[in-house]
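Peer 1: Before we start, here is the structure in question, set down as structure tokens.
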Amino acid sequence: MPELPEVEVVRRGLERWVSGRVVAHAEVFHPRAIRRHAPGAEEFVSRLKGRTVGSAERRGKYLWLPLDGSDAILAHLGMSGQLLMVEPDSAPEKHLRVRIAFTDGGPDLRFVDQRTFGHVLVTAMGHSGGRPVPEPIVHIAADPFEAHFDDEKFASRLRAKQTEVKRALLDQSLISGVGNIYADEALWRAGLHGVRPTGALTKPKIAELLAAARQVMAAALSEGGTSFDSLYVNVNGESGYFDRSLAVYGRRDEPCPRCGAPIIRESFMNRSSYSCPRCQPRPRKAGL
DNA sequence: CCTTTCACCTGTATGC
DNA sequence: TGCATACAGGTGAAAG
């Protein structure tokens with residue numbers, strides 16, 4: 001479930017513990033973890049050896065570590081990926097996929113991923129949304145905390161779409177970083193049902209929704225992120241506490257914090273959506 | 001071209 | 001106890 005706040009927590013950990021260090025060697029334990037690295041595992045390993053790691057960066061749910069020269073280590077945590085700092089001599093984790101060791105003999109950077117939806121790769125840099133980003137993610141939109149994020153452009157692109165507002169929030173080419181949890185929380189804060197057609201939203205309502213998304217993700221970040229189980233952790237293996245502050249997500253039948261009505265769970269794209277039936281009424285006509 | 005669906009994974013919880 | 005099923009869900013390819 002790592003979404004923008006959780007990934008930012010990890011980025012800060014990498015900034016603190018990895019930036020400036022030199023790679024001694026890397027090991028790949030599961031080919032699926034580097035499936036997006038086209039040249040394969042052997043090239044991945046040889047390309048990393050001896051490289052110096054720069055300052056950790058992030059766009060939406062993607063993280064990257066620039067390398068001396070012009071490429072970068074790009075990572076996505078998927079559903080269950082973890083980037084952990086671990087002492088080099090400690091036993092391999094059950095789901096250890098990639099290990100990067102450093103010349104200073106300090107903690108390894110380990111990519112551990114139970115469900116293998118996440119991946120890491122080494123890639124050239126490209127450019128998108130007003131700044132350099134790794135080539136494979138030039139199609140990913142700026143996230144709402146980036147200085148180049150254009151609120152007006154977001155509103156006009158959102159309204160031009162023939163879709164529902166929750167689908168649009170989850171569309172990483174429109175706005176990045178928002179996943180299922182924070183989409184539901186932002187919609188609740190803005191008083192919108194997720195199936196509302198985007199074309200019918202007013203500009204002020206879109207501004208309110210965007211502000212809500214920023215507020216809920218900023219609040220989550222200040223509490224170290226959200227975790228429902230032990231899968232999402234920071235680089236030291238610790239979970240955040242924001243799940244205590246969620247208004248609707250995962251809270252079926254509990255009272256809405258605003259009006260007291262029982263929260264409902266609805267199925268959406270083979271996953272769950274949570275909302276307040278009173279604060280977030282369904283639109284009267286589907287497809288309005 | 002745009003929108004929607006589905007495959008990819010494994011561990012945990014639940015039901016029979 | 002053991003087996004089957006549902007669920008968690010981000011991404012991008014494939015389908016519509």
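Derivation of every value follows stated rules applied to the coordinates shown; laboratory data play no part. Note that the coordinates shown come from a computational prediction; the quantities given were computed from them, not determined experimentally. Every residue, glycine among them, receives a Cβ derived from its backbone with ideal geometry; neighbour counts consider all protein chains shown.
Peer 1: Excluding the sites themselves, what is the longest stretch of chain A that contains no GluC sites (Glu not before Pro) in a DSSP loop with at most 16 other C-beta atoms within 10 Å?
Peer 2: Between exposed loop sites, the widest span is A:1-222.
Peer 1: In nm², what is the average projected area of the convex hull enclosing the Cα atoms of the stretch A:4-137?
Peer 2: 7.3
Peer 1: According to a simple spin-label model (label point 7 Å from Cα along Cα-to-Cβ), what is the distance in nm between A:LYS203 and A:ASP150?
Peer 2: 1.5
Peer 1: Also, quick follow-up: Give me the aspartates and glutamates in straight-line cross-link reach of A:LYS205: C-alpha distance below 20 Å, same-chain residues under 8 apart excluded.
Peer 2: Straight-distance partners of A:LYS205: A:ASP143, A:ASP150, A:ASP151, A:GLU152, A:GLU164, A:ASP171, A:ASP184, A:GLU185.
Peer 1: A further question on this structure: State the extension gain, in nm to one decimal, for the chain segment bounded by A:GLU266 and A:THR103, taking 0.36 nm per residue of separation less the distance between their alpha-carbons.
Peer 2: Full extension from A:GLU266 to A:THR103 adds 53.6 nm.
Peer 1: What is the spin-label model distance, in nm, from A:SER245 to A:SER55 if the labels are put 7 Å beyond Cα along the C-beta direction?
Peer 2: 2.6
Peer 1: Another question, if that's okay. Report, ordered by chain and residue number, the aspartates and glutamates lying within cross-link reach of A:LYS49, taken as a straight Cα distance under 18 Å and ignoring same-chain residues fewer than 8 apart.
Peer 2: A:GLU27, A:ASP68, A:ASP71, A:ASP104, A:ASP108
Peer 1: OK, next. In what sequence, highest mean first, do A:71-80, A:253-262, A:136-145, A:175-184 appear when ranked by Cβ atoms within 10 angstrom?
Peer 2: Ranking, from highest mean packing down: A:175-184, A:71-80, A:136-145, A:253-262.
Peer 1: Amide H neighbours of A:PHE117 under 5 Å, counting only residues 5+ apart in sequence or on other chains, H built in-plane at 1.01 Å?
Peer 2: A:MET79, A:SER80
Peer 1: Turning to a different aspect of this structure: Can you tell me the orientation of helix A:203-222 relative to chain A, as the angle in degrees between its alpha-carbon axis and the longest Cα principal axis, to the nearest 10?
Peer 2: Between the helix axis and the principal axis of chain A, the angle is about 40 degrees.
Peer 1: If I take every Cα pair under 8 Å that is 6 or more residues apart in the stretch A:4-137, average their sequence separation and divide by the length, what percent do I get for the relative contact order?
Peer 2: This gives 27 percent for the stretch A:4-137.
Peer 1: Additional query: Measuring from a point 7 Å past the Cα of A:ALA218 along Cα-to-C-beta, which residues in the stretch A:113-150 have an amide N at less than 19 Å?
Peer 2: Only A:142-150 pass the distance filter.
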